[in-house]
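Remarks on the structure that follows.
Laboratory data are not the source of any read-out in this text; all were calculated from the coordinates shown. Nothing here was measured: the structure is a model prediction, and the numbers come from that model. For neighbour counting, all protein chains shown are included, and Cβ atoms are generated from backbone atoms with ideal geometry for every residue, glycine included.
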Protein chains: 2
Amino acid sequence: MKSRQEPLLRGKLKGYGYRITQGREAIMNVLADAKEHLSAEDIYIKVYASYPAIGLTSVYRTLEVLVSTGLVYKFDFGDGRARYEIAEGRRGEAHHHHLVCTGCGRVIDYADFINEELALLKKTEAGLSKKYNFTIINHLIQFYGFCSKCKTNKNAK
Amino acid sequence: MKSRQEPLLRGKLKGYGYRITQGREAIMNVLADAKEHLSAEDIYIKVYASYPAIGLTSVYRTLEVLVSTGLVYKFDFGDGRARYEIAEGRRGEAHHHHLVCTGCGRVIDYADFINEELALLKKTEAGLSKKYNFTIINHLIQFYGFCSKCKTNKNAK
DNA sequence: ATTGTTAATGGATGTCATTTTCATTTACTC
DNA sequence: GAGTAAATGAAAATGACATCCATTAACAAT
Ligand SMILES: [Mn+2]
Ligand SMILES: [Mn+2]
Ligand SMILES: [Zn+2]
Ligand SMILES: [Zn+2]
């Protein structure tokens, strides 16, 4: 299965002067199809299945390129390794933020209240840009706490 | 100079069943007086000056305790090491969020719009708690972009 | 299609923040 | 003051990620 936004990614990368390599295409496809928040090694393993010439080093380098061009987001959910997620979601999924369980590490995507959040962020960005002469490129919102499972285990203990 | 919130910290730690040790006190004092966002090694160096028996391992362990009890916040600003900040600010400083420059790594504290942000966060938290059965303990908001210096350098280039 | 240029690559190796291990010490209880 | 379990420091291990460098592949110009 070929992912639909591949041409978008290719076009954007070319626009930045980057070459389209087999490894980069494979990585982009894995990210486009991913349902979870993948680590560099996760991506390496998935790409390796269909393109065993891939090297972990190139995965890191490609991810850096994709993040720097804004095609991919990089997150720290506190488990000691970076996690990656395609920016323009598969099948036009909406922008979302995250709930992070500090008990088990589970990460929940949410898009509830996202419009209010984005409206406030926009307003805040405008104010902060002016006051601090700071150009805002993007934002990060995460909530930390305990998921249903960990909440229960806690009470049980 | 002894910091004012020291007794608060001591009381809270004891409440969690932790012992008050010389190292922990020294670390708490450094954090209480800090004006920047310190790394574990930064803290180690500062503590070492007045308490050379301290070990870096204990700094890490104490920070873990302080973070888990909510006395200290742990941040990832993207420079490859964790940064720490006392939760109840020196001299009752207000809760704040961060602007992170991806050019030079500078981190700016801001409290502008914080009330609107916190109001929305509270509302969002209520909705998310119910929908996902998730107990929210705290939140993270950061803006990424270019500070005034890096903006200029970029144009110059 | 062939060639030339240079970005991109993979594997080996290095780095460095953080964790683990373990014998010793210290904070707190009685 | 003695008992005990938590806390500690130093050394060693871990692991994510970066760097190095000789080789390869993408792409543009023939
Ligand atoms: Mn997500
Ligand atoms: Mn701060
Ligand atoms: Zn959980
Ligand atoms: Zn900057």
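Would you work out the relative contact order for chain B, in percent, from Cα pairs under 8 angstrom that are 6 or more residues apart? Write down the numbers at each step before the final one.
On the way: 161 pairs, mean separation 26.7, N = 157.
That works out to 17 percent.
Highest GNM mean-square fluctuation, chain A, Cα pairs closer than 10 Å: which of A:TYR132, A:TYR110, A:TYR16?
For chain A, modelled as a Gaussian network with Cα springs under 10 Å, the answer is A:TYR132.
So, with +1 on the Cβ of K and R and -1 on the Cβ of D and E, and no other charges, what is the size of the charge dipole of the protein assembly as shown about its Cα centre, to the nearest 20 debye?
I would put it at about 40 debye.
Would you mind giving the average projected area, over all directions, of the Cα convex hull of chain A in nm² with one decimal?
Numbers: hull surface 48.2 nm².
The directionally averaged projection comes out at 12.0 nm².
Can you list the copy-to-copy distances for A:ASP79, using a point 7 angstrom from Cα toward Cβ, in nanometres, shortest first?
2.8
Using a label point 7 Å beyond Cα on the Cα-Cβ vector, give me the inter-copy distances for A:LYS14 in nanometres, one decimal, shortest first.
Those label-point separations list as 7.0 nm.
Return the long-range amide H neighbours of A:LEU38 (sequence gap of 5 or more, or a different chain), with a cut-off of under 5 Å between placed amide H atoms.
A:TYR84
If I take R0 = 41 Å and measure r between the Cβ atoms of B:GLN22 and A:GLU93 in this structure, what FRET efficiency does the formula 1/(1 + (r/R0)^6) give, to the nearest 0.05?
Working: r = 52 Å, r/R0 = 1.28.
The pair B:GLN22/A:GLU93 has a calculated efficiency of 0.20.
Looking at chain A as a GNM with Cα springs under 10 Å, which of A:ALA126, A:ALA34, A:ALA82 has the largest mean-square fluctuation?
A:ALA126
Using label points projected 7 Å from each Cα along Cα→Cβ, tell me how many nm separate A:ALA34 and B:ARG106, to one decimal.
3.2 nm
Can you list, shortest first in nanometers, how far A:LYS149 lies from the same residue in the other copies, with each label 7 Å from Cα toward Cβ?
Between copies, matching label points for A:LYS149 lie 4.5 nm apart.
Most mobile of A:THR62, A:THR21, A:THR124 per a Gaussian network model of chain A (Cα springs, under 10 Å)?
Maximum fluctuation in the GNM of chain A, among the listed residues, is at A:THR124.
For chain B, the longest stretch holding no GluC sites (Glu not before Pro) located in a DSSP loop with at most 14 other Cβ atoms within 10 Å is which?
Details: sites that count: B:GLU36, B:GLU93.
Counting at most 14 other Cβ atoms within 10 Å as exposed, the longest clean stretch of chain B is B:94-157.
Given the -39500 (n - 2.57) contribution per DSSP H run of 4+ residues, what per-residue ellipticity at 222 nm results for chain A, rounded to the nearest 500 deg cm²/dmol?
Working: 6 runs with 74 residues, N = 157.
Result for chain A: -14500 deg cm²/dmol, rounded to the nearest 500.
Taking R0 as 30 Å, what FRET efficiency do you get between B:ARG61 and B:THR152 from their Cβ-Cβ distance, rounded to the nearest 0.05? List each step's numbers first, then the result.
Working: r = 42 Å, r/R0 = 1.41.
For R0 = 30 Å, the calculated efficiency reads 0.10.
Once amide H atoms are built 1.01 Å from N in the peptide plane, which residues 5 or more positions from A:GLY103, or in another chain, come under 5 Å H to H?
A:CYS147
If one computes the Cα centroid of segment B:101-125 and of segment B:131-153, what distance in Å separates the two points?
6 Å
Taking amide H positions as placed 1.01 Å from N in the peptide plane, with prolines and chain starts having none, which residues 5 or more places from A:VAL72, or on another chain, fall under 5 Å of its amide H?
Sorted by chain and number, the residues that satisfy this are A:VAL67, A:ALA87.
Got a sec? Charge dipole of segment B:1-89, +1 on Cβ for Lys and Arg, -1 for Asp and Glu; which of B:GLY11, B:ILE54, B:VAL30 is way out at the positive end?
Result: B:GLY11.
Can you list which of the trypsin sites (Lys or Arg not before Pro) found in segment A:2-65 are DSSP loop residues with at most 12 other C-beta atoms within 10 Å? Walk me through the intermediate numbers first.
Numbers: sites: A:LYS2, A:ARG4, A:ARG10, A:LYS12, A:LYS14, A:ARG19, A:ARG24, A:LYS35, A:LYS46, A:ARG61; in loops: A:LYS2, A:ARG4, A:ARG19, A:LYS35.
Hits after loop and neighbour filter: A:LYS2, A:ARG4, A:ARG19, A:LYS35.
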